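Chemist: Dropping a structure here in C-alpha cells format, bear with me for questions.
We did not get these values from a lab; they are worked out from the coordinates using the rules stated. Model, not experiment: these values are computed from the prediction. All Cβ positions, glycine included, derive from the backbone under ideal geometry; neighbour counts span all protein chains shown.
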Amino acid sequence: MTATPLPDAPRLPIRPELAHEEPYGAPQLDVPILLNVNENPYPPSEAVVADVAAAVAVATRGLNRYPDREFRKLRTALATYLERESDVGGLDADHLWAANGSNEVMLHLLQAFGGPGRTALSFAPTYSMYPEYARDTNTAWVAGRREEDFSLDPEAAAALLREVRPAVVLLPSPNNPTGTALPLDTVQHLLDVARTTGPDGAATVVVIDEAYAEFRRAGVPSALTLLGANPHLAVSRTMSKAFGLAGARLGYLAAAPALVDALRVVRLPYHLSAVTQAVALAALAHTDELMAQVASLRDERDALATWLLEHGLDAVPSDANFILFGKFTDRHAVWQGLLDRGVLIRETGPDGWLRVTVGTPQETAAFTQALVEVLG
C-alpha cells in the first residue's frame, strides 16, 4: 500500500534516474503452486532444522556483541565446500567473500570496480537485476545480445569488450532466464581479452555468476577451475538455490585475495549477522543430504523438458533448476491461464517465452495439467 502524500509536503530530492523507477520484485501471490522465482521446493529436513536452531541459539546468546566482521570460519567452510563440489584446489578463506545474498555480493563488485565514468557489460537476455546494480552505483550499463539459441558468440563478445572497455562484465552461467551454461573455452577466451579491456588499460573484472551451478548437467565444469591463473575472475554462488536457504540470504564468491580485499573496502561494517553466519555453517554441515535433493531436481527438470518437447513446445536446454519454454503468440494469456488454475510461473525473458521453476513431482504434475488445460 502506498501512502497518499500530504498536499503541502516538500518535494524529496530523489536522484533523477530513480524518480520513476519501481522496486524490483516478481509477483508474490497466495496460490497453491509457486514456480516463479527458482526456489528449491524442498524445505530443510528436521535434522537440518534442529542443527540450525541449535546454532542460532548459541549465536543469540551473544547478540549483544557485533558479529565476526571477517567471518573467516564461514569463509573457510565455503572454500572447503567449493573445492569438493567443483573438484578444485587452492581455495581458502582469503579467496572467499560472502554477503546477504548474491545480490549484495554483486553490489559490492559494482561498488568496488564500477562507479561514475565506468561501465558494466552483460549480454541479453540476462538477469534483470544486473542493470539495477549498475544504476544504484552510478555505473553505465551496456547490454550486448546473445545468439538466437541464447549462446554467447565468443568473438562478438570479445569485440564488444574491446569497444566498451567495461570495468565489470557480468556473465551468468547457467544464464537466467534461459538456463544456458557457458563453455569454459568461451570463458577463458574472454578472460584473455579482458586482461587489458578495463578502464585506463586495467583489466575488466569478469564475473561468472554461478547461482544455479549445482544443477548443471554431468560433464559441465565450473569456472572455478580457471581461478588460479586469472586474478581478474570472480565466481559467485548462493546458498538460496541448491541449499534451499533462500530465506537465510547468503551469497558468496571465490576470487583472488586481492579482488576479495577490494570488496572488504566497500562492505558496510558487520554486514553479515551472527545469525546468518550460524545458519550457513549449520547448513554446510549437511551438504551431502542437500545435494541429494539437487540430484532429484535435475531428474525432475530433465523429465519436464522432455514432456514440454513431446507436447509440441520449445524448451531451452537447461543447466539450472528452471526451464524457459514457449513460444506463444500471447504469453501473458498463458501465464494468466495458469494463474487462474493456481499455478504461478514467471513471465520473463524474450517475448513469447515463459519460465517455470522445477518443483516437486506433485507440483510438476499440477503445472503440466494446468498447461494442458490452458493450451487445450
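Chemist: Treating the beta-carbon of each Lys and Arg as +1 and of each Asp and Glu as -1, no other charges, what is the dipole magnitude of the chain about its Cα centre, to the nearest 20 debye?
Modeler: 1080
Chemist: From the C-alpha gyration tensor of region 192-269, pull out the three semi-axes of the equivalent ellipsoid (sqrt of 5λ each), sorted largest to smallest, in whole Å.
Modeler: Working: eigenvalues 120, 68, 16 Å².
Those come to 25, 18, 9 Å.
Chemist: Bin width 10 Å, alpha-carbon pairs only: give the P(r) of region 19-113 as whole percents, running from 0 to the bin holding the largest distance.
Modeler: 11, 24, 38, 24, 4
Chemist: Over the chain, what is the relative contact order in percent, taking alpha-carbon pairs closer than 8 angstrom and at least six residues apart?
Modeler: 22
Chemist: I would also like to ask the following. Kirkwood hydrodynamic radius, region 255-339, all distinct C-alpha pairs: what's the number in Å?
Modeler: Result for region 255-339 stands at 17.3 Å.
Chemist: Moving on. Is the C-alpha gyration tensor of region 103-244 telling us rounded, prolate or oblate? Criteria: a/c under 1.5 is rounded; beyond that, a/b larger than b/c is prolate, otherwise oblate.
Modeler: rounded
Chemist: Quick one: what does P(r) look like for region 69-114 with 10 Å bins over all Cα pairs, in whole %?
Modeler: 27, 46, 27, 0
Chemist: Mind pulling up the Rg/Rh value for the chain? Radius of gyration and Kirkwood radius, both on Cα.
Modeler: Across the chain, the Cα-based Rg/Rh ratio is 0.97.
Chemist: If you bin every alpha carbon distance in region 45-163 into 10 Å steps from zero, what whole percent lands in each bin?
Modeler: Per 10 Å bin, starting at zero, the Cα-Cα P(r) for region 45-163 comes out as 11, 24, 31, 23, 10, 2 percent.
Chemist: Quick one: work out the % antiparallel among DSSP beta bridges in the chain, nearest 5.
Modeler: 45
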